[in-house]
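Working notes for the structure below.
The values are calculated or read from the model by the stated rules, or taken from the named source; none is laboratory data. All of these numbers come straight from a predicted model, not from anything done at the bench. Cβ coordinates were reconstructed from backbone atoms using ideal geometry, including for glycine residues, and neighbour counts include every protein chain displayed.
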Amino acid sequence: MRKLIIANWKSNPQSITEAIKLAKASDTRNVVIAPPYPYLEKLGGVLRHASLSSQNVFWEDGGSYTGEVSPSQLKNLKVTYAIIGHSERRRLGETDEIINKKVKTALTRGLKVILCVGENSKVRRRGALASQRYVANQLKKDLSGIKKQEMGSRNLIIAYEPVWAIGTGKADKPGDATAIISSMRRELLLKYGSLGGSRVKFLYGGSLNAKNAFQFLSREGIDGALVGGASLNPKVFKAIIKARDSL
Ligand code: PGA
């Protein structure tokens with residue numbers, strides 16, 4: 001099984017014409033594209049190989065919630081994945097409690113969840129153990145009440161994205177990221193047993209680019225990457241996919 005590369009376009013590009021162009025250039029197997037909501041439907045008709053993800057999702061399946069998008073609305077547009085708990089959303093006020101509700105509903109409605117966790121620079125300065133504790137605590141809250149069967153359904157992907165590495169050009173050291181990911185894997189194995197914990201995929205995200213992609217993707221403990229800025233440049237994104245395919 002090829003490692004997974006997820007393109008998080010964030011609030012880019014600004015027109016559907018550019019979005020189609022970008023999507024066509026990134027349309028490869030085992031690639032997931034997460035464009036802004038308004039482009040999902042159109043891109044669903046354009047992509048032949050890559051899958052689609054939303055960058056967010058609401059925790060209720062419809063009702064009086066102005067501005068929110070429900071899991072079923074996404075499923076009906078052939079969206080397979082939903083990114084939940086990205087640090088840019090946490091910064092806007094999304095709490096672990098909200099994230100937990102979103103994860104639960106999305107999984108119940110059959111969306112695959114890409115749950116983002118990661119510590120800020122203040123925590124990392126306190127050392128690896130502090131970072132491990134921080135993400136373990138996020139996972140505990142974000143996955144609260146999720147059953148073993150759901151964990152074992154292969155529908156949960158966890159992206160380790162140190163906040164200080166996102167969009168800064170300063171990626172984590174592959175060894176450090178791998179150690180933190182291993183600590184999360186151990187936690188899940190302890191809590192959910194081998195049928196639950198071992199089926200969860202772990203990705204790295206944060207300033208991944210054409211130069212460092214191979215160093216991260218060649219690590220056994222890293223099952224793929226969540227790519228922001230570099231996914232907006234077709235040349236760079238193709239180089240990342242090439243690094244993945246060379247494994
Ligand atoms: P970046 O973003 O690759 O631009 O650092 C990653 C992300 O926010 O998912």
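Odds and ends about this structure:
- Scan segment 107-140 for residues that are away from the ligand (no atom under 16 Å from the Cβ) and either among the hydroxyl-bearing types (Ser, Thr, Tyr) or closer than 27 Å to Ile33 by Cα (or both) and the total you get is 9.
- When each of Gly206, Gly221 is tested for being under 25 Å from Arg29 (Cα atoms) and either surrounded by fewer than 20 Cβ atoms within 10 Å (Cβ to Cβ) or of a type in the set (Lys, Arg) (or both), the lone residue that passes is Gly221.
- Residue identified as on the phi < 0 side of the Ramachandran plot and within 15 Å of the chain's Cα centre (by Cα) among Asp176, Asp172, Asp142: Asp142
- Odd one out for Leu226 among (1) at pLDDT below 95; (2) touching a Cys at 6+ places or on another chain (Cβ under 8 Å): (1)
- Answer residue from segment 199-238, given it is among the β-branched types (Val, Ile, Thr) and within 16 Å of Ala177 (Cα to Cα) and is nearest to the ligand (Cβ to nearest atom) among those: Val227
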